[in-house]
Amino acid sequence: MRSTIIQTGIFAVLVSAFASGCGSRVEKNTNTDAAATSVEVTTAQATLVNIPTYVEATGNLASDAQSDVAPAVGGKIVEVNFDIGSYVQQGAVLVRLDPRDANIRLEQARAQLEQQRQAVQQAEANVEQAIANLRQTQARLGIADGQTFQIKDFSQVKSITAQLELAEKELRRAERLLATGDISRALYDQRRSQRDSLLGQLDEARSNAAVAIKAIDTARAAVDTARAAVGPLRAGVATAQTQVNQAQKSVSDTIVTAPISGYVSERNADVGEYISPNTPNAKLATIVRTSTLRVKIDIPEANVGKVATGQGVSVQVTAYPDRKFAGSVVRIAPSLNPTTRVLNVEAEVQNVDGLLKPGQFATVRITQSKPEPAVMIPVTAVRTVGDTNSVFVIKDGAAREVIVQLGLLENDMIQVKRGLVEGDTVAVSNIAQLTDGVFVRQ
């Protein structure tokens, strides 16, 4: 009997020990399974931040200036100093044409100019000689420049006229004395002979004076004729000088230079080719300036009132998705496009590094003057599947997936327009391992 009781006790102890061992193992396995199904995450809180507001639009990049280079004169190309992609400075020699024909025309024009100048010099010398002859003639008669001269003013005429007046008086006195018998007939005839002699001398003096006046008139006419000849010859010099200038320009035009600084985008010139400005499509090259680019932006009608000159812009292109290029609005069209209902706006962006290229498509943000509050979270908190963006909100130790509407990206933070509020805690690591409702540990 005692043996039976002992055996019964041992069996009870063994059963109790077994049960105790099984219970401990079940509890341990439960704890292990819970730990295995949770995900370790790092979290961050959604914060309310004042961020700049933007008008976002699309646009295209265009060069600030573009120039088609064409020759001003025809000729054979003897030198080409550029190629596609070359950077050229304003004034750099792009093409040289054969200058020989232009040089020949220049020498001919210079020779004609020299002949005209010599003709003018000779005509001016003729004027000086005519003036000298006139002054000599005037000097002989005692006449100054510009002074008028009449026959009665001739000195010999004056002297003989005075003598004649005296002889006339003596003759009249002699006539009275002869009538009274106070003088002889011979003395009277002598007085009359003197008077008649002086009349002859006066006629001769007047003739001499007339000849002198005619000489002065002839000398003055010669001066006028010589001066008149100078005018057309000087006009000929001016015409010849114009021809020389044109010929010099033709020589200069055989050297085609870059009108602006920029990159060559098109080349249509080869050595040995004959080019003429009168032929269609005679351009030799196209140069575009890219140090400053224009961004041609299409602003929807609803945002027209939000755009003004001077506003800052931020430009992004697909070639450099992580880089923004700053610029400003400089031109706004006065009216909307009646077909597309958009406003054409131009901004300028500095392209010092030459990364941007004309023709690229760009996303443009035009900065508004007044910032607005926005809920911001780290970009790493967002999971994107197709067109759907979501985050995992951590609450009571579990992750809850929430669909969100995103807004502006600022560095490594992104705006959440809908789905979160300030203070929400979101997971920012191991996002790919999370599912809705899974337990997390921080």
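Remarks
- The set of residues from the range 314-344 being open to solvent by less than 40 Å² (accessible area, probe 1.4 Å) and either in contact with a Phe, Trp or Tyr (Cβ under 9 Å, 6 or more places away or on another chain) or not in a strand (DSSP E or B) (or both) comprises 314, 315, 317.
- Checked against the criteria, residue 347 counts as within 16 Å of residue 297 (Cα to Cα) and either among the aromatic types (Phe, Trp, Tyr) or not in a loop (DSSP other than H, G, I, E, B) (or both).
Residue by residue, here is whether (1) surrounded by fewer than 17 Cβ atoms within 10 Å (Cβ to Cβ); (2) in contact with a helix residue (DSSP H, G or I) (Cβ under 9 Å, 6 or more places away or on another chain); (3) touching a residue at least 12 places away in the same chain (Cβ under 8 Å) holds:
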| site | (1), (2), (3) |
| --- | --- |
| 175 | yes, yes, yes |
| 180 | yes, no, no |
| 186 | yes, no, no |
| 195 | no, yes, yes |
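- Residues in the range 89-129 that are among the hydrophobic types (A, V, I, L, M, F, W, C) and under 30 Å from residue 219 (Cβ atoms): 5 in all.
Yes/no per residue for (1) outside any strand (DSSP E or B); (2) at pLDDT below 90; (3) out of contact with any Lys or Arg (no Cβ under 8 Å at 6 or more places or on another chain):
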{"site": "58", "(1), (2), (3)": "no, no, yes"}
{"site": "79", "(1), (2), (3)": "no, no, no"}
{"site": "83", "(1), (2), (3)": "yes, no, no"}
{"site": "96", "(1), (2), (3)": "no, no, yes"}
{"site": "118", "(1), (2), (3)": "yes, no, yes"}
{"site": "143", "(1), (2), (3)": "yes, yes, yes"}
{"site": "147", "(1), (2), (3)": "yes, yes, yes"}
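- Of everything in the range 243-276 that is part of a loop (DSSP other than H, G, I, E, B) and of a type in the set (D, E, K, R), the residue that is most open to solvent (accessible area, probe 1.4 Å) is 270.
- Pairs are defined by a Cβ separation below 9 Å, a sequence spacing of at least 6 or placement on different chains, a first member in the range 236-263 that is acidic (Asp, Glu), and a second member that is open to solvent by 20 Å² or more (accessible area, probe 1.4 Å) and not in a strand (DSSP E or B); the pairs so defined are 253/72; 253/73.
Quick grid of which residues meet (1) of a type in the set (Phe, Trp, Tyr); (2) modelled with pLDDT of 90 or more; (3) open to solvent by 90 Å² or more (accessible area, probe 1.4 Å); (4) part of a loop (DSSP other than H, G, I, E, B):
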{"residue": "359", "(1), (2), (3), (4)": "no, yes, no, yes"}
{"residue": "364", "(1), (2), (3), (4)": "no, yes, no, no"}
{"residue": "369", "(1), (2), (3), (4)": "no, no, yes, yes"}
{"residue": "394", "(1), (2), (3), (4)": "no, yes, no, no"}
{"residue": "406", "(1), (2), (3), (4)": "no, yes, no, no"}
{"residue": "416", "(1), (2), (3), (4)": "no, yes, no, no"}
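- Residues considered: 64, 101. Of these, the only one that is among the acidic types (Asp, Glu) and open to solvent by 50 Å² or more (accessible area, probe 1.4 Å) is 101.
The values are calculated or read from the model by the stated rules, or taken from the named source; none is laboratory data. This one's a predicted model, so the numbers in the text were calculated from it and none came from an experiment. When we count neighbours, we look across all protein chains shown, and the Cβ atoms used for this are built from the backbone with ideal geometry, even at glycine. When the accessible area is computed, the model is the full protein with side chains, heavy atoms only, and any ligands, DNA or RNA have been set aside. Shrake-Rupley method; radii C 1.70, N 1.55, O 1.52, S 1.80 Å.
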